[in-house]
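Working notes, structure below.
The values are calculated or read from the model by the stated rules, or taken from the named source; none is laboratory data. Keep in mind it's a predicted model, so treat the numbers as computed, not measured. All Cβ positions, glycine included, derive from the backbone under ideal geometry; neighbour counts span all protein chains shown. Remember, those area values only see protein heavy atoms, side chains included, never the ligands or the DNA or RNA. Shrake-Rupley method; radii C 1.70, N 1.55, O 1.52, S 1.80 Å.
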Amino acid sequence: TAVGKTAVAIELAELVGGEIVSADSMAVYMGMDIGTAKPTPGEQARAGFHLIDVADPAKPFSVGEFQRLAQESIDDILQRNPPPIVVGGSGLYVRAAIDGLDSSIPAENEDLRNALRDEVRLHGSEYVHRKLAAVDPESAAKIHPNNLKRVIRALEIYESTGEKPSALFDRDARRAPRYPSARFFGLTMNRFALYARIEQRVDAMIEAGLVEEVARLTERIADPTIPSMQGLGYKEIAGYLRGDY
């Protein structure tokens, strides 16, 4: 976060003639511009961008849908010959684009998720985490009890397949990637300098109207649990607007 991925990607695209495929799980949503640190119109004009503003934030958007769109974009760019530059973002979305996710991993089950959320409200997050530990101690050891999204997803996978999520993901990790020649580059910088940049970014987002952006979204989106409203910054501002903070 805030290490400068977009700026480097644009410079690289200009140098090698590539096109950029965004692997940011929030930049896919239309109207969510400030809190996602989405590339500005000026930045987008400097390089070809894909998978920006492709989803309605009022509707669920899954990583499976992202994978299909990302791989269509990558294949299209490869056919035309410039190198696709996948930039992000979310580690899961990068994996979906480059490796592809195992089709045997079940889709979301909203009824089951709602039932597990009800259990959290009744008994607390530790209760559902213990349920996960009982069926898949390996997954439970890796997921913090407060990370309810991942705890619930792991239980959802177990209930849908009868298989431990840790075993399923371990098998998935050994699959051949869809694009085996992909090369990975990571950006890093001094931790204190990075934290200062993150603080500056948050201040800039507030000044640019993040609270107003989230207010407009909450007028349209009644369900606070929809994926678009779970993004970092959005769920906290939405909670502030509801009076939770």
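Here is a check on your reading of the model: is ALA9 open to solvent by less than 70 Å² (accessible area, probe 1.4 Å) and in a helix (DSSP H, G or I)? For ALA9, the condition - open to solvent by less than 70 Å² (accessible area, probe 1.4 Å) and in a helix (DSSP H, G or I) - is met. Return the pair list, or none, for Cβ contacts closer than 6 Å from residues in the stretch 25-41 that are of a type in the set (Phe, Trp, Tyr) to residues that are open to solvent by less than 40 Å² (accessible area, probe 1.4 Å) and modelled with pLDDT under 95, at least 6 apart or on different chains. Close Cβ pairs (under 6 Å, with a partner that is open to solvent by less than 40 Å² (accessible area, probe 1.4 Å) and modelled with pLDDT under 95) amount to TYR29/SER228.
Just to be sure before I move on: is GLY35 farther than 21 Å from ARG178 by Cβ and in contact with a Lys or Arg (Cβ under 8 Å, 6 or more places away or on another chain) in the structure I sent?
On the way: farther than 21 Å from ARG178 by Cβ: yes; in contact with a Lys or Arg (Cβ under 8 Å, 6 or more places away or on another chain): no.
For GLY35, the condition - farther than 21 Å from ARG178 by Cβ and in contact with a Lys or Arg (Cβ under 8 Å, 6 or more places away or on another chain) - is not met.
For the stretch 174-185, the criterion of a residue being more than 23 Å from VAL87 (Cβ to Cβ) and in a helix (DSSP H, G or I) is satisfied by no position. Checking the stated criteria, GLY64 turns out not to satisfy the condition of being in a helix (DSSP H, G or I), free of Cβ contacts under 8 Å to residues at least 24 places away in the same chain and open to solvent by less than 60 Å² (accessible area, probe 1.4 Å). Residues in the stretch 97-124 that are over 20 Å from the mean Cα position of the chain (by Cα) and in a loop (DSSP other than H, G, I, E, B) were compared, and the one that is surrounded by the fewest Cβ atoms within 10 Å (Cβ to Cβ) is SER104.
Take the stretch 186-237 and flag every residue that is over 27 Å from SER62 (Cβ atoms), open to solvent by 50 Å² or more (accessible area, probe 1.4 Å) and assigned to a loop (DSSP other than H, G, I, E, B). Once the filter is applied, which keeps residues that are over 27 Å from SER62 (Cβ atoms), open to solvent by 50 Å² or more (accessible area, probe 1.4 Å) and assigned to a loop (DSSP other than H, G, I, E, B), the stretch 186-237 yields LEU187, THR188, MET189, ASN190. Among the residues of the stretch 151-166, those that are assigned to a helix (DSSP H, G or I) and surrounded by fewer than 16 Cβ atoms within 10 Å (Cβ to Cβ) comprise GLU159, SER160, THR161. Looking only at the stretch 38-49, residues that are open to solvent by 40 Å² or more (accessible area, probe 1.4 Å) and either closer than 24 Å to ASP102 by Cα or part of a loop (DSSP other than H, G, I, E, B) (or both) come to 1 in all.
Which one is most open to solvent (accessible area, probe 1.4 Å), of the residues in the stretch 167-185 that are in contact (Cβ under 8 Å) with a residue 40 or more places away in the chain and among the basic types (Lys, Arg)? Here the residue is ARG178.
Quickly run through the stretch 71-96 and pick out the residues that are in a helix (DSSP H, G or I), over 26 Å from PHE169 (Cβ atoms) and open to solvent by less than 30 Å² (accessible area, probe 1.4 Å).
Listed by number, the list holds a single entry, ILE77.
Could you grab the pairs with beta carbons closer than 6 Å, sequence gap of 6+ or different chains, first residue in the stretch 1-23 and touching a residue at least 40 places away in the same chain (Cβ under 8 Å), second one among the basic types (Lys, Arg) and open to solvent by 60 Å² or more (accessible area, probe 1.4 Å)? Correct list of pairs: ALA2/ARG197; ALA2/ARG201.
Among the residues of the stretch 130-147, those that are under 22 Å from the mean Cα position of the chain (by Cα) and more than 21 Å from ARG171 (Cα to Cα) comprise HIS144, PRO145, ASN146, ASN147.
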